[in-house]
Amino acid sequence: MTEDTIDDNRGQMRVIEALIACLLLIGGLSTATYLSRVSVSVKDSSINESGENIFDVLCDSDVVHRIMEGGDFTEAQLKTLVSTLLPPSSVFSVYFGSSMTNETLLNATNMGSDSYSSLNAFSAYGTFTISLPLSQVEYQPVDIILVMDVSGSMAGDKINKAEEAAITFVGQLNMTRDKVGLVSFSDEATLDCPLTNNATKIKSIINNLETGGATNMGGGISIANEEFVTSGRSNATWIMILLSDGKANRPCPHYPQHFDSCPYAQEYAINQSECSKVLDDKGVRIYTIGLGSSADLDEDLLKQIAFDESKYFNAPTAAELSEIYELISKDILLQVRYDVVVIQLYIQGSG
Amino acid sequence: MNAIYEYVLAGFMMFVMLVALHSNLQTLISDTTALAIEEDYNMAESLIDMVLLSPGDPPDWSTTNPVLFGLAAQETIDTYVLDSKKVIRLDENYNGSTYISPGELRSLLGLTSGFNLIIRITPIFPIDIQPQGNGKYEITVTNHRSVPLANVNVTGYYVPESLGSSSERFQEQAITGIDGSCTLDFGQERTGYILVVLADLIGVKTMRTDPPYLGVRIEGGQVIQSEVPLITSVNYTSGSFYGLNTDWAARYVEIDGFTFYFELEVWR
């Protein structure tokens, strides 16, 4: 090997060494740049903060109600709202769905078909429980039996106001579709009017109720049950509204020891109401109204008969009866849709 | 000959290295700036959440002097719901309650005198009311960035200022067009009447009155009296000039059922 060849080889080695050093330097700088970018992305928490805040605005009862109600502009309005809430140039996708029916209530996005990086993005998932009154037209017909206390204590203003409130209540029903019947109870219970859609007839019977005797609550429920089985329509919801101003004291094998209130009569009323709940497999929805002060009533019994405490109402005076009947009519005629709405939000910041 | 190649190659390598170094340094510098901004941003972020998520101490301080500042309403479990009686105390022009001075607020927030801050509260949909005469009003709804909003449900309540039940009340509804505006026509001008406008975009609401700053609210579709005037906007500042390193954070908040954009800027 000559001197020149050795020099040439040394020169080539130096070139290769320099090239390797250069590549290492560029590689090192690129790695440092990449790592610093990752660090910045991880540290950029602002998108999460604003994302959570926007999610908060969307998880609002009014917003969810409006989305469930739907309408021509709902999707456009939701898009406008989310675009307003987000910084300009952000992209988003928002989904509202029912977890009960798996139905998509609304889906809005301003994203194109491009794929987006997961960096600088926020996604949230939440649920919102909602109850929404639906309109009356969607309802199936109702068969209602009014079970009214006509014992001696109901005489005077109480029965007058009770009659007035019941007549107003009948007036709120759609008698082309619904039916009403009347049972009254004192010592015994009687079916004063079978289920009918003749509003004039039932109003007239309600108007002519006579008072006297004790309180056979169980008897009233029993007669109403029989009438539902005999004349109730299979496609109708069966409803019983029981009004009383006293304590159940008939039938009572221990009379007169148990004069005001009789455990046997209470037990009988509870048994009859339990029969109502499973009547003809579909059951009867029972509302109870206690008229007068709590001391004069057996509120526990009335709550037990109603099965659900929210279906028991207390009217301290007869003047409150109209309001209570109105509440009941709303509860009967306005079905409420309960749902758990799933909300998903994905947003990606502009930079 | 080889020496010439070596010099050419060395020159080329130096050029490549300089170009690579330059571009990488640019990125590193911008990333470092972003990190510095992020650190400052965290301060405004922490402060805004302290102000908006805490009711302060005592929690019902709206009529007393707070020991700790927080605007959250006491009686709610929802986040970012503010107490209007507390917010109104940041409004210098309102005489009904004691104004909290910027110096006082600084110490309540635990900031030293070197810090300054701005709190801006604006409705999410600012409403502009332009009377056209004969009981006709042009209503324009924009977002807080002044972009006109279409498809907003606008309800106008034209009611006597006394809100007495003896006088007739009027109500008109319209939906904003592409330019964010719509017209409410009440037929004729009535003396002693006020206009209350409610803008509702899919359940998110803003309200405005003409004339402004009236103590009224809308509940259940009715205009009712309120002891606290309607907050139209709040611009609260502790300094007249900006310093360097301004930190900014913003949130959407609810005050009396209406949505507002709450901004906080801090600098020293």
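Every number here is computed from the coordinates shown, using simple stated rules; none is lab data. Remember, predicted model here, so these are calculated numbers, not experimental data. Because the Cβ atoms are built from the backbone with ideal geometry, glycine has one as well, and the counts that use them run over all protein chains shown.
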Ascending count of other beta-carbon atoms within 10 Å, so fewest first, for A:CYS193, A:CYS59: A:CYS59, A:CYS193
Other protein chain Cβ atoms within 10 Å, averaged over every residue that makes up B:43-56: 1
Contour minus Cα-Cα distance for A:ALA155 and A:SER234 (0.36 nm per residue): 24.8 nm
Neighbour-count order for A:THR80, B:THR79, fewest beta carbons within 10 angstrom listed first: B:THR79, A:THR80
At R0 = 41 Å, FRET efficiency that the Cβ-Cβ distance of A:GLU188 and A:TYR338 yields, to 0.05: 0.50
Computed log₁₀ I(q)/I(0) - Debye formula, equal Cα scatterers, no solvent, the range B:127-225, q 0.11, 0.12, 0.17, 0.22 Å⁻¹: -0.30, -0.35, -0.71, -1.16
Measure of compaction for the protein assembly as shown (Cα Rg per 2.2 N^0.38 Å): 1.45
Fully extended contour minus Cα-Cα distance, from A:GLU267 to A:MET175, at 0.36 nm per residue: 29.6 nm
FRET E, pair A:ARG14, B:LEU21, Förster distance 22 Å, beta-carbon r, rounded to 0.05: 0.55
Calculated FRET value between A:ASP300 and A:GLU226, using beta carbons and R₀ = 22 Å, to 0.05: 0.25
Three-way shape call for the range A:292-342 based on the alpha-carbon gyration tensor, with the a/c threshold at 1.5: oblate
Simple spin-label estimate for A:GLU323 and A:VAL278 in nanometres, 7 Å along Cα-Cβ: 3.9
The range A:181-273: relative contact order in percent, alpha carbon pairs under 8 Å with at least 6 residues between: 29
Backbone N under 19 Å from the B:GLU219 label point (7 Å along Cα→Cβ), restricted to the range B:55-93: B:73-78, B:81-88
The range B:127-225, relative contact order [Cα under 8 Å, separation at least 6], %: 29
Residue with peak Gaussian network fluctuation, chain B [Cα springs, cutoff 10 Å], from B:ILE124, B:ILE224, B:ILE194: B:ILE224
Relative contact order (percent, whole number), the range A:285-351, Cα cutoff 8 Å, 6+ residue spacing: 29
Cleavage-rule hits, GluC sites (Glu not before Pro), the range B:189-230, DSSP coil, Cβ neighbours within 10 Å at most 16: B:GLU189, B:GLU227
Local net charge near B:THR112, Cβ-Cβ under 13 Å (Lys/Arg +1, Asp/Glu -1): +2
Peptide A:261-273, shielding by other chains (average Cβ, 10 Å cutoff): 0
Prolate/oblate/rounded label for the range A:136-334 (Cα gyration tensor, a/c 1.5): prolate
Rough spin-label spacing in nm, given labels placed 7 Å along Cα→Cβ, for A:ASP260 and B:GLN130: 7.5
Inter-label distance for B:SER146 and A:LEU24, nm, one decimal - labels placed 7 Å from Cα along Cα-to-Cβ: 5.8
Fewest-first ranking of A:ASP280, A:ASP60, using other Cβ atoms within 10 Å as the exposure measure: A:ASP280, A:ASP60
Sites matching trypsin sites (Lys or Arg not before Pro) across the range A:179-275 that sit in DSSP coil, with at most 15 neighbouring C-beta atoms within 10 Å: A:ARG233
Calculated [θ] (222 nm, deg cm²/dmol) that DSSP helices of n ≥ 4 give over the protein assembly as shown, each run adding -39,500 (n - 2.57): -11500 deg cm²/dmol
Dipole magnitude of the protein assembly as shown, debye to nearest 20 (Cβ charges: Lys/Arg +1, Asp/Glu -1, about Cα centre): 600
Spin-label zone in the range B:98-121 - amide nitrogen under 17 Å from a point set 7 Å from the Cα of B:THR63 along the C-beta vector: B:98-99
Within-11-Å neighbourhood charge of A:LEU279 [Cβ basis; K, R +1; D, E -1]: -2
Qualifying chymotrypsin sites (Phe, Trp or Tyr not before Pro) for the range A:158-261 [loop in DSSP, other Cβ within 10 Å: at most 15]: A:PHE259
